[in-house]
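Every number here is computed from the coordinates shown, using simple stated rules; none is lab data. Note that the structure is predicted; figures quoted are calculated from it, not measured. In this analysis, Cβ positions are derived from the backbone assuming ideal geometry, glycine residues included, and neighbour counts consider all displayed protein chains.
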Amino acid sequence: MSAILSEPVLRWPLNVDAVMQSTYATGDDQLDRLYQKAKAQQWNADDYDWSYELNPDNPLDMPDGTLLIFGSPLWQKMDEPARAEVRHHFHAWTLSQILHGEQGAMLCAIKLAQGEEHLSARLCACAQAFDEARHIEVYSRLVNDKLRVTYPMSSSLKRLLEDTITSRQLDITNLGMQVLVEGIALSIFQNIVAYSRDSFIKEVVTRIQRDEARHFAVGRVTLRRLYNGELSAAEMREREEFTCEGIHVLYEHLCADDIWEQLGQNRKECGELVRNSKMANALRRNLFRRLVPSLKDMGLLNGKVVTQLEKMDMLDYAELPLRVEA
Ligand SMILES: [Fe+2]
Ligand SMILES: [Fe+2]
């Protein structure tokens with residue numbers, strides 16, 4: 001296995017009080033339903049046949065049109081072995097980032113389980129923590145045992161995860177992880193399920209996608225109430241700024257800047273190629289299609305968020321129907 005760069009262990013404060021309650025009432029219909037669903041939908045990664053081998057030339061077996069540099073002059077002049085290397089590294093980078101995100105999600109779920117006031121929300125968070133542990137298990141097997149190339153967390157993702165995990169406002173942890181990061185991850189999983197021709201990958205990712213849709217719904221349901229009247233105008237502005245920053249950082253993250261040097265290419269030139277490519281921008285932009293309608297539903301489509309989405313040509317997604325899980 002080749003680890004591109006080894007990273008030291010990161011230590012971040014969770015900044016949350018452990019809330020010990022004296023009453024045990026649940027009674028939140030939407031969250032209770034999601035918790036019941038979480039219990040009924042438990043599954044075991046060991047049930048899959050992990051002796052199955054992926055195609056090293058295209059591990060996720062995705063069409064080349066899903067690659068950021070597909071169709072560019074750089075792609076045109078590559079021979080088949082070079083293209084296979086691009087596929088392998090792009091898939092390894094994508095799954096490595098998902099794996100880091102899964103670890104971040106596990107930490108956030110643990111934090112929410114400690115600090116949420118309502119028992120229904122805490123039970124959902126406990127169930128989620130175990131889902132995320134299973135996702136770590138699956139993606140770690142895929143990255144380390146199957147693709148055998150690992151990438152460290154991108155600097156953009158690291159920044160967002162640190163702000164999300166360490167926030168003293170529990171709802172910002174919820175917003176950063178359950179809505180922003182999970183929203184993008186959900187669209188990536190949907191793409192893999194829709195385009196991959198590998199039945200093993202399709203099946204495993206479908207299972208994970210079902211769990212993530214539940215987590216995304218828990219975040220949306222919880223925050224929707226809070227952001228529709230419970231916070232002051234100044235507090236809402238802080239959430240809108242966090243959302244704008246998160247969208248910007250995730251859009252940058254999706255350029256996959258760290259792969260080019262590993263492929264013998266110039267990092268800066270490839271970074272510009274991706275940022276100036278209509279097709280690559282459409283691929284990146286499309287990953288926000290689940291997130292934007294949810295921001296609208298939660299009451300976060302105001303002020304700066306609208307301006308930013310308009311500038312990034314993503315505001316139209318607000319008109320897409322919301323996919324409701326609960
Ligand atoms: Fe997950
Ligand atoms: Fe999740």
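Within region 1-79, the trypsin sites (Lys or Arg not before Pro) that combine a DSSP coil assignment with at most 11 other C-beta atoms in a 10 angstrom radius are Arg11, Lys77. Along the chain, the longest continuous region that contains none of the GluC sites (Glu not before Pro) in a DSSP loop with at most 14 other C-beta atoms within 10 Å is 118-326. Here the ratio of the Cα radius of gyration of region 267-326 to 2.2 N^0.38 Å is 1.32. Neighbour counts of other Cβ atoms within 10 Å put Thr307, Thr23, Thr164, Thr150 in the fewest-to-most order Thr23, Thr307, Thr150, Thr164.
The Cβ shell under 13 Å around Glu269 holds other residues with a net charge of 0, Lys and Arg each +1, Asp and Glu each -1.
The alpha-carbon atoms of the chain, seen along their principal axes, cover 65, 46, 39 angstrom, with the largest extent given first. Working note: Cα gyration tensor of region 195-326, eigenvalues times five, square-rooted, sorted largest first, giving semi-axes of 29, 22, 13 Å.
Taking 7 Å steps out from each Cα toward its Cβ at Asn55 and Asp17 produces label points 5.6 nm apart. Under the simplified labelling scheme, the Tyr48-His118 pair shows an inter-label distance of 3.3 nm, with each label point 7 Å from Cα along Cα→Cβ.
Stokes-Einstein, applied to the Kirkwood radius of region 155-219 over Cα pairs at a viscosity of 0.890 mPa s and 25 °C, places its translational diffusion at 194 µm² s⁻¹. If one puts a single equal scatterer on every Cα of region 47-125 and applies the Debye formula without solvent, what log₁₀ I(q)/I(0) results at q = 0.12, 0.22, 0.27 Å⁻¹? Here log10 of I(q) over I(0) equals -0.57, -0.99, -1.20.
How far is helix 155-166 tilted, in degrees, relative to the longest principal axis of the Cα atoms in the chain, given as a value from 0 to 90 rounded to the nearest 10? Between the helix axis and the principal axis of the chain, the angle is about 10 degrees.
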